[in-house]
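Let me begin by presenting the structure, written as structure tokens, before commenting on it.
Quick note: the coordinates plus some simple rules give every number you see, no bench work behind them. Worth saying up front: this structure is predicted, and the values here are computed from it rather than measured. Every residue, glycine as well, gets a Cβ built from its backbone with ideal geometry; the counts of neighbours run over all protein chains shown.
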Amino acid sequence: MALVRMRANPQGANATEIEKKIKRGNALRQGSAWRGSRGLVALLLAVVSLCVAAVWLYVTSLDSDITETLVRQGELVSPRPRVYSVQCSEDYENYQRYPGCTPQKCGRAVTDGVVTREEAQVLRRLAERGLALAGSEGGASILDLHSGALSMGKQFVNIYRYFGDQLSDVFTQEDFQLYRSVRERIQAVIAETFGLDPKLMYLTKPTFFSRINSTIAKTQHDEYWHPHIDKVTYGSFDYTSLLYLSDYGSDFTGGRFIFMDPNGNRTVEPRTGRVSFFSSGTENLHRVEKVAWGTRYAITVSFTCDPAHGISDPAVP
């Protein structure tokens, strides 16, 4: 019996040792698995951090050429416009002058007191319905209710000919009445600000709704961001205005209007119902910042002093 017990003890000792080794092995494997999980979590956090940093750098890079923000989205400029005077360029000397209208003093101005936010939202819904009929393949689409031009793929179609009777389900008489009322108010505030006779100002083309997003441009019509001068580009323009139908920072980022001055660039941040207007000569060289995300809606409303280039308000077809 003693011999049996002596043999049994070594076997028990070996079993205990083996059990300890198994436990140590399991512990090591668990520790290794935990370290691996922690490594994976750390890697994922690092990737997320890099993505956040990249987005932040991209967004802040949009500001890199902005010297001054004239009006921020969160400000409310009302009831009087905020006016920034600039010296008139010599552009107007190359065109026929129209007393009471041709700019004698030039500048740029911003107001939130001409069009209500609710009216701008109605006009945005009008734009959304019209642009839903087609739209550009690139990042910029336009709808011109005067000429009927609508972006469709890489070209334009005339909505009044192309869609015909369907438009009665898209636009209403009230839409066009609001459009005219807003145009008249914009015309009046431009005339008052620049000391003009509003009866000597004429709506001119192109006057249109625009929808801009971050889709890659497919044609030159989608490349809205190039610097330009309205008086040089269009000839008939003497005063340009933009009515914003969406909000910078919540509906979209990028897409700010940038005045390119010799001593730096100045911007206006869009706000629903905000009207930004300016004399159209070289004194107001400008561009639109590329939209980074979201969708920017606006109406460009333009005026001329030359009655030969005047156009009528649109009407329900």
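Counting 0.36 nm for each residue step from residue 221 to residue 85 and taking away their Cα separation leaves a gain of 45.8 nm. Using 0.36 nm per residue and subtracting the Cα-Cα separation, the extra length available between residue 214 and residue 65 on full extension is 51.7 nm.
Summing Lys, Arg as +1 and Asp, Glu as -1, what charge do residues with Cβ under 14 Å from the Cβ of residue 154 carry, residue 154 excluded?
On the way: positive: 218; negative: 137, 222, 223.
So the surrounding residues net to -2.
Determine the distance separating the Cα centre of the range 237-286 from the Cα centre of the range 160-176; give it in Å without decimals. The two parts, judged by their Cα centres, are 30 Å apart.
In the range 99-193 the Cα-Cα distances spread across 10 Å bins starting at 0 as 13, 37, 30, 18, 2 percent of all pairs. Length gained on full extension, residue 162 to residue 290: 43.0 nm, using 0.36 nm per residue less the C-alpha separation. Other residues within the sphere of radius under 13 Å centred on the Cβ of residue 119, judged by their own Cβ, net out at +2 (K and R +1, D and E -1). The trypsin sites (Lys or Arg not before Pro) of the range 252-317 include none that meets both criteria, a DSSP state outside H, G, I, E and B (loop) and at most 13 other C-beta atoms within 10 angstrom of the site's C-beta. Can you figure out the FRET efficiency of residue 93 with residue 188, using R₀ = 25 Å and their beta-carbon distance, to the nearest 0.05? Computed FRET efficiency for residue 93 and residue 188: 0.35.
Is the shape of the range 158-238 rounded, prolate or oblate, going by the alpha carbon gyration tensor and its root eigenvalues a ≥ b ≥ c, with a/c under 1.5 for rounded and a/b larger than b/c for prolate? Before the final figure, lay out the partial values.
Working: a/c = 2.23, a/b = 1.12, b/c = 1.99.
Oblate, since a/c reaches 1.5 and b/c is not below a/b.
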